[in-house]
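Q: Structure incoming, see below.
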Amino acid sequence: MSKLKVAVIGVGNISECHIEAYKKNPNVELYAFCDINKERLEQKGAYYGVTRLYTSEKEMLEALPELDAVSVCTWNNQHAPCTIAALNAGKHVLCEKPLAITREDCEAIAAAVEKSDRKFMVGQICRYTPGFRQAKEIIDSGAIGELTFVESEYAHDYGKISSTWRKDPNRNGVVGGGCHAVDLLRWIAGNPEEVVAYGTHKTFKDLTPYADTHVAVLKFPNEVIGKVFVSVSCKRNYTMRSVFYGTKGTIIVDNTSPTMTVFKEDLFPGMNKETMPIEVPVEVNNHNTAGEFREFFDIIVNDKPVETTVYEGANTVATCMAIYESAATGKPVKPKLFK
C-alpha cells in the first residue's frame with residue numbers, strides 16, 4: 001500500500017500533536033504544511049523536514065491534487081472555510097474541536113460533508129483519553145448499574161496563554177474549551193434535553209469579553225442529571241475531573257491522573273456490605289492524538305464508519321451554545337440539536 005499523503009493546515013501549538021501522530025505512523029507521509037504566518041510556517045517546515053509550504057489552503061489544494069487527507073488545526077473561526085475547501089477538493093478531513101463557533105459554520109460544514117464522498121472526523125479528543133474510554137467501557141458493561149448523575153469539569157487558566165484569538169466572544173470558554181467536558185458527558189449520557197446555567201466574570205474582566213467561569217445543570221435522557229463546570233480563569237492545575245454515579249457504583253476519573261477510582265456495591269459478597277473503592281491504573285494521555293489518528297487512518301483505508309461525525313461535533317457545539325445562552329438570559333434553554 002502506498003503511503004497516505006497528509007497535510008496540516010494551521011501549524012500552531014495544537015498542530016504539534018497531529019504532526020507527531022503522523023510521523024509515528026509508518027504508513028503516512030507528512031506531505032505539506034499551510035499557515036498564514038509565513039515565519040512560523042518556514043520554521044515548522046525546517047524542523048520537520050517538510051518542503052511543500054503554503055500560506056493559502058486554496059493554493060495548496062490546487063497545487064497538490066495527490067493529497068489524500070488534511071488536518072485542520074487553524075483558529076476555531078477558520079475551521080469552516082478550510083474544512084469545506086478540503087472536502088470540495090476531494091480530501092478526507094480531520095478537524096480539530098470545536099467543530100465551529102457559530103451555528104451557521106456548523107451547518108455549512110455539515111452540508112459540505114453530506115455532499116462529499118470523503119471521510120470527515122471531528123477531533124473530540126476526550127473520547128480517546130485512556131481513562132475516559134475505560135470509564136465508558138465499565139459504564140456500558142452495567143457494572144455500576146444505571147446512570148443517575150454525571151459531571152465533568154474543564155479547569156484551565158487561560159491567563160497563561162497569550163493568544164488573541166481566545167478573545168473572540170464566539171470562542172467563549174464554554175464553546176472553546178468547555179466543549180471537552182460537554183462532549184464527554186454527551187458521549188456517556190446522550191444528548192441533553194435542557195440546560196440551566198450561570199456565569200461569572202470576575203477574574204478576567206480585562207482579558208476576555210465573556211464570563212470566565214460557568215456552571216451548568218443538564219437534563220439527560222433516562223432521568224439522568226448532569227453538571228458541567230467550566231473555568232478558564234481558575235488558579236490551579238489543568239484538569240478534567242469527571243464523576244459518573246450509577247445505581248450500583250461510582251467512577252471518579254480525570255485526564256491527568258495515573259489511576260481512576262471505582263466504587264462498587266457489595267464488592268465481596270457475603271463478606272462486606274460496604275461500597276468499596278478500587279484504584280484502577282490508567283495511562284495518562286490527555287491528548288491522545290495518536291489514538292485518534294490511528295482511527296482516522298483506519299476509517300480511510302478500511303472504509304470504516306466514523307463515530308465522531310460532523311453531527312457529533314455540531315451537537316456538542318449546540319449544547320455549549322445553550323449553556324452560554326442560559327447563563328446570559330437566566331432562563332432554561334433546550335439545545336437546538338442537529339440531526
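Q: Please compute the per residue accessible area over region 6-125 with all protein chains in place, 1.4 Å probe, rounded to a whole number of Å².
A: For region 6-125, the per-residue accessible area is 42 Å².
Q: Also, I was wondering about something else. Rounded to the nearest 500, what is the 222 nm mean residue ellipticity of the chain from helices alone, with -39500 (n - 2.57) per DSSP H run of 4+ residues and division by all residues?
A: -10000 deg cm²/dmol
Q: Could you give the accessible area per residue of region 208-318, probe 1.4 Å, as a whole number in Å²?
A: On a per-residue basis, 48 Å².
Q: Taking the simple approach of a point 7 Å from Cα along Cα-to-Cβ for both Thr55 and Phe149, what is their distance in nm?
A: Result: 5.5 nm between the two label points.
Q: Using only Cα atoms, find the angle between the long axis of helix 289-302 and the longest principal axis of the chain, and express it within 0 to 90 degrees, rounded to the nearest 10.
A: So the inclination is approximately 70 degrees.
Q: Relative to the first principal axis of the alpha-carbon coordinates of the chain, what is the inclination of helix 15-24, with its axis defined by its Cα atoms, in degrees from 0 to 90 and to the nearest 10?
A: It is inclined by approximately 80 degrees.
Q: Of Lys202/Lys331; Lys97/Lys202; Lys97/Lys136; Lys5/Lys115; Lys58/Lys97, which ones are farther than 30 Å apart at the Cα?
A: Checking Cα-Cα distances, every pair stays at or under 30 Å.
Q: How do Tyr210, Tyr54, Tyr245, Tyr238 stack up against each other in accessible area, from largest to smallest, with a 1.4 angstrom probe?
A: From most exposed to least exposed: Tyr245, Tyr238, Tyr54, Tyr210.
Q: If one computes the Cα centroid of region 163-229 and of region 287-339, what distance in Å separates the two points?
A: Between the Cα centres of region 163-229 and region 287-339 lies a distance of 14 Å.
Q: So if we plug the beta-carbon distance of Glu193 and Ile36 into 1/(1 + (r/R0)^6) with R0 = 41 Å, what FRET efficiency do we get, rounded to 0.05?
A: 0.50
Q: A further question on this structure: Separation between the Asp303 and Glu62 pseudo-spin-labels, each 7 Å from Cα along Cα→Cβ, expressed in nm?
A: Each label point is offset 7 Å from its Cα along the Cβ direction, giving 3.3 nm.
Q: Can you tell me which of 118-128, 29-39 comes out highest on packing, and rank the rest after it, using the mean Cβ neighbours within 10 Å?
A: Going by the mean number of other Cβ atoms within 10 Å, highest first, we get 118-128, 29-39.
Q: Rounded to the nearest percent, how much of the accessible area of region 291-339 (1.4 Å probe, protein heavy atoms only) is carbon and sulfur?
A: Percent of accessible area from carbon and sulfur atoms in region 291-339: 52.
Q: Okay, moving on. As an exercise, use a Förster radius of 35 Å and the Cβ-Cβ distance of Lys23 and Thr102 to find the FRET efficiency, rounded to the nearest 0.05.
A: Computed FRET efficiency for Lys23 and Thr102: 0.60.
Q: Here is a further query. Could you work out how far apart the two model spin labels at Thr261 and Arg236 are, taking each label as a point 7 Å from the Cα in the direction of the beta carbon, and quote it in nm?
A: Once both label points are built, they end up 1.4 nm from each other.
Q: May I ask what percent, to the nearest 5, of DSSP beta bridges between residues of the chain are antiparallel?
A: Expressed as a percentage, antiparallel bridges in the chain total about 60.
Q: On C-alpha positions alone, give me the angle between the axis of helix 179-189 and the longest principal axis of the chain, in degrees, nearest 10.
A: Long axis of 179-189 versus the principal axis of the chain: about 50 degrees.
The values are calculated or read from the model by the stated rules, or taken from the named source; none is laboratory data. Since we're looking at a predicted model, the values are computed, not measured. Don't worry about glycine lacking a Cβ; one is built from the backbone with ideal geometry, like all the others, and counts go over all protein chains shown. Please note that ligands, DNA and RNA were not included when accessible areas were found on the heavy atoms of the full protein model with its side chains. Shrake-Rupley method; radii C 1.70, N 1.55, O 1.52, S 1.80 Å.
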